[in-house]
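First comes the structure, then the notes that go with it.
The values are calculated or read from the model by the stated rules, or taken from the named source; none is laboratory data. Since this is a predicted model, take the numbers as computed values, not measurements. Quick reminder, even Gly has a Cβ in these numbers, built from the backbone with ideal geometry, and neighbours come from all protein chains shown. Calculation scope for accessible area: heavy atoms of the full protein, side chains included, ligands and nucleic acids excluded. Shrake-Rupley method; radii C 1.70, N 1.55, O 1.52, S 1.80 Å.
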Amino acid sequence: MNQHIEAAQLDGQTITAGSAAPCAARFEAVTKDYRLDKVKVRALTEVSCTILAGTTTFITGPSGSGKSTFLNILGLVDRPDAGRLELFGADVTGLGDAAAADFRARNIGFIFQSFNLIPVLSLRENVEFPLLRQPMSGRARRDRAAAYLEAVGLGGLMDRRPGEISGGQRQRVAVARALAPEPRLIVADEPTANLDTRTSREIVALLARMQAEFNTTVVICTHETQLIPPHSPVIEIIDGRVV
Ligand SMILES: Nc1ncnc2c1ncn2[C@@H]1O[C@H](COP(=O)(O)OP(=O)(O)OP(=O)(O)O)[C@@H](O)[C@H]1O
Ligand SMILES: [Mg+2]
């Protein structure tokens, strides 16, 4: 694999990578347009940036600036119209839909603003859900789900349903669900938007702790800049451009 060890362009500053920080994602002049009827809306304009592996990187910017578009492209949910995207050293720009879905299932976990848990399943079953497409025994799946629920501090509530826990606890379940398949990258779009300030800080701290413990790369988009821990890598997007 082609791992890049070099200076990263983050938040306008050049941050020199330490000993051997490989590149989780590299955007090269990525442009994205949406088409509404016949009108073209440019969401991203020639975005170039690097996200280093093993970091918790924040994407900030005002509403409508292109943060979700950036995350959707990063998570292979959407495709650039122009430019190039590399994930963990692999050029993923030209992947077909099936190959992109496969790459996504193997490597990327998602956390959403609205938690997106399945109400009729227990917390443990929710965390098991993304493991169903992995070749593992039912026993191994249940143990894995239990281990990640323990890791996010919900070991005692595994048999409850999402409707029987608080919003902050639901987002913890979503963190466990994203981690359980052991992806290399976790993409979180406004994961704290439905939470109070204290719970929001707890979720950001939990994500940072999980990033360190499980050596994944976490990318969080938020417009609440007060939630960003000091010295975090930040990519600011304004009007579809990295500033
Ligand atoms: N599906 C879509 N069709 C048309 N235009 C879209 C679509 N999704 C986003 N846009 C437009 O693209 C631009 C960027 O949107 P995006 O959702 O990426 O912003 P954002 O920074 O995530 O905003 P917010 O903070 O409100 O979530 C906006 O002008 C938006 O109106
Ligand atoms: Mg958004």
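Before moving on, here are some points about what is shown:
- Single residue of His223, His231 found to be within 16 Å of ligand 1 (Cβ to nearest atom) and part of a loop (DSSP other than H, G, I, E, B): His223
- Residue match in the range 76-96 (condition: within 30 Å of Pro162 (Cα to Cα), open to solvent by 70 Å² or more (accessible area, probe 1.4 Å) and either assigned to a helix (DSSP H, G or I) or β-branched (Val, Ile, Thr) (or both)): yes
- Selection status of Ile111, of a type in the set (A, V, I, L, M), under 20 Å from the mean Cα position of the chain (by Cα) and within 18 Å of Met210 (Cα to Cα): yes
- Total residues in the range 114-156 satisfying the condition of being free of Cβ contacts under 8 Å to residues at least 24 places away in the same chain, acidic (Asp, Glu) and surrounded by 14 or more Cβ atoms within 10 Å (Cβ to Cβ): the figure is 1.
- Filter result (open to solvent by less than 10 Å² (accessible area, probe 1.4 Å) and either at pLDDT below 95 or away from ligand 1 (no atom under 16 Å from the Cβ) (or both)) within the range 46-60: Ile51
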